[in-house]
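The values are calculated or read from the model by the stated rules, or taken from the named source; none is laboratory data. This is a predicted model, so every value here is computed, not measured. Methodologically, a virtual Cβ is constructed for each residue, glycine included, from the backbone with ideal geometry; neighbour enumeration extends over all protein chains shown.
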Amino acid sequence: MSEAQWWQKGIFYQVYPRSFQDTDGDGVGDLDGIRQRLPYLADLGVDAVWISPIYPSPMADFGYDVADYCGVHPIFGDLSAFDRLVAEAHGLGLKVVLDFVPNHSSAQHPWFLESRSSRSNPKRDWYIWHDPAPDGGPPNNWISNFGGPAWSLDPASGQYYYHAFLREQPDLNWRNPQVRAAMHEVLRFWLKRGVDGFRVDVIWHLMKDPQFRDDPLNPAYRPGEPEVARLLQTRSTDQPDVHEIIAGLRAVLEEYGDRVLIGEIYLPVERLVTYYGENLGGAHLPFNFQLLHASWGAPALARLIEEYEGALPAGGWPNWVLGNHDRPRIASRIGSERARLAAMLLLSLRGTPTMYYGDEIGMENVPIPTDQAQDPWEKNEPGLGVGRDPERTPMQWDGTANAGFTTGRPWLPLARDHATRNVAAQSADPHSLLTLYRRLIALRRTRPTLQLGSYLAVGTAGDVLIFIREWQGERILVALNLGSDPRGDIALPAGETRGRILISTELDRQEPVQGGFWLRPHEGVIVALGEG
Ligand code: NOJ
């Protein structure tokens, strides 16, 4: 494994560009802001920045509705600002990964404007048009992921078009070779500009059932869940021929060497791992979102890690995601005490970690008053708790007004604790969560066992999760006490008599251990076995 790729050894950090750093006072973050903060990311020790969409867009879904795949929205800057960002990132040893949104465009994209202009337009077939059902209603029962029907009628041409998300986000027809070719050119446009890879939005949605059969009803649906959960999306997503499409994307990246293809996939593990593709020619990293849904007890975590490890195809490289712009903040999901354990788990498991901006300082969901909601999903299905604004609030840099994020009025409110919970305060605190992240990342870099070593399940002792990473004769044990009771009796594994605690989540221990060790409530430690 000494030939490991950068995306295997490295750590990814997701930036939601609207909320990272504003430089022009409009209350929305921009590319120059990200560029200014690159030294922070380099110092934190991450290897790659994934930036959520920056393209021209009417912002119906905050950039996931792309009106021009080869441009930059003026709110974020322009192509030369982007080039400066890439150059400076590379100068600091950081990779830049873009969000690629191929499943749907904006309804304002010139391709769609042409497509909807008439049934005979050459681009008609670039999108998914269908005659109405015999009763005049939508062609089938598919439901939009943001609630409501997934088909909208175009009265002028009398046909419906399909949109897995908003009606402002029509799905492209990936069965059309011209669409594929045009999208491959989009990838090349950015690859030539030096982009190091892509995170592909809803990659498992790209192909739909060619017969457009109904999705079956979900027998487990419970009232109060979002409407899309009424159906099992077995016809509208995850079709067998999606893998040819992904192999095609991958082949474009291969033209440029050392780039990474990451797929956004919310599927059960046994389906997820098919996205490595035949002979691993699919996504390098099909995002593994299990920690987003995990229940944070030792037995449940041990099971899900083993299930994932056991499902990986030979040679498939694992990865773990702790947070993103679509899910509640980790600190809000599991509480601030266990957020320290989550950091240690993410950075000591086998596989590429992906962090979400602000999680390293323990940012929490920020309650957004209903009348200030921005997220279209929240507006479509209010009151269900589906809104994603709470995890998209501005980064908290320092104790100044607006936390150093903007001189203007931030597009989403700042967290109430921003004066105390911020990068500057935590940088000065040797026991802060940020310091813990920095130290764990540094440890992962200096101990290749944590990057590349195999994973050996040791099991659980009550609510303590224990595993070992092993590489070239080095054995590193990770023990995480997820419970709120102290433990005085954690034995070293059979055959091991001594070790050395390299780091504790409390950042106050580095000591030799013999036979066993103790853990405080919610404490985790990383122990080099055999060292004293
Ligand atoms: C997944 C993205 O992460 C989410 O933010 C977006 O709303 C949908 N895809 C639609 O593009």
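Of the helices (runs of 4 or more DSSP H) lying entirely inside segment 20-94, not one is found with 3 or more residues being at pLDDT below 95 and either more than 15 Å from the ligand (Cβ to nearest atom) or in contact with a strand residue (DSSP E or B) (Cβ under 9 Å, 6 or more places away or on another chain) (or both). Of all residues in segment 162-192, those satisfying the criterion of being away from the ligand (no atom under 16 Å from the Cβ) and of a type in the set (Phe, Trp, Tyr) are Phe189, Trp190. Is it true that Glu381 is of a type in the set (D, E, K, R), in contact with a Pro (Cβ under 8 Å, 6 or more places away or on another chain) and farther than 20 Å from Trp296 by Cβ? For Glu381, the condition - of a type in the set (D, E, K, R), in contact with a Pro (Cβ under 8 Å, 6 or more places away or on another chain) and farther than 20 Å from Trp296 by Cβ - is met. Pairing residues of segment 73-89 that are of a type in the set (Gly, Ala, Ser) with residues that are surrounded by 14 or more Cβ atoms within 10 Å (Cβ to Cβ) and not in a helix (DSSP H, G or I), at Cβ distances under 6 Å and at least 6 apart in sequence or on separate chains, gives Gly77/Asp30; Ala89/Val96. For the criterion of being under 22 Å from His243 (Cβ atoms), away from the ligand (no atom under 15 Å from the Cβ) and of a type in the set (Phe, Trp, Tyr), Phe212 passes.
Of the helices (runs of 4 or more DSSP H) lying entirely inside segment 272-367, those containing at least 1 residues that are within 24 Å of Ala4 (Cβ to Cβ) and modelled with pLDDT of 95 or more are 290-293, 298-311, 336-346.
Show me the strands (runs of 3 or more DSSP E) entirely contained within segment 413-490 in which 3 or more residues are among the hydroxyl-bearing types (Ser, Thr, Tyr).
454-461
Would you please list the contacts, defined by Cβ atoms under 6 Å and residues six or more apart or on different chains, that run from a residue in segment 181-206 that is touching a residue at least 40 places away in the same chain (Cβ under 8 Å) to a residue that is part of a helix (DSSP H, G or I)? Taking only residues 6 or more apart or on different chains, the pairs are His184/Val252; Leu187/Val252; Gly194/Val86; Leu206/Val242; Leu206/Ile245. Of all residues in segment 146-160, those satisfying the criterion of being within 16 Å of the ligand (Cβ to nearest atom) and surrounded by 22 or more Cβ atoms within 10 Å (Cβ to Cβ) are Phe146, Ala150.
So how many residues does segment 234-248 have that are in contact with a Phe, Trp or Tyr (Cβ under 8 Å, 6 or more places away or on another chain) and either within 16 Å of the ligand (Cβ to nearest atom) or outside any loop (DSSP other than H, G, I, E, B) (or both)? Explain how you work it out, then say what you get.
From segment 234-248, those in contact with a Phe, Trp or Tyr (Cβ under 8 Å, 6 or more places away or on another chain) are 235-238, 242-243, 245-246; that's our starting set.
So of that shortlist, the ones also either within 16 Å of the ligand (Cβ to nearest atom) or outside any loop (DSSP other than H, G, I, E, B) (or both) come out as 236-238, 242-243, 245-246.
Final tally of qualifying residues: 7.
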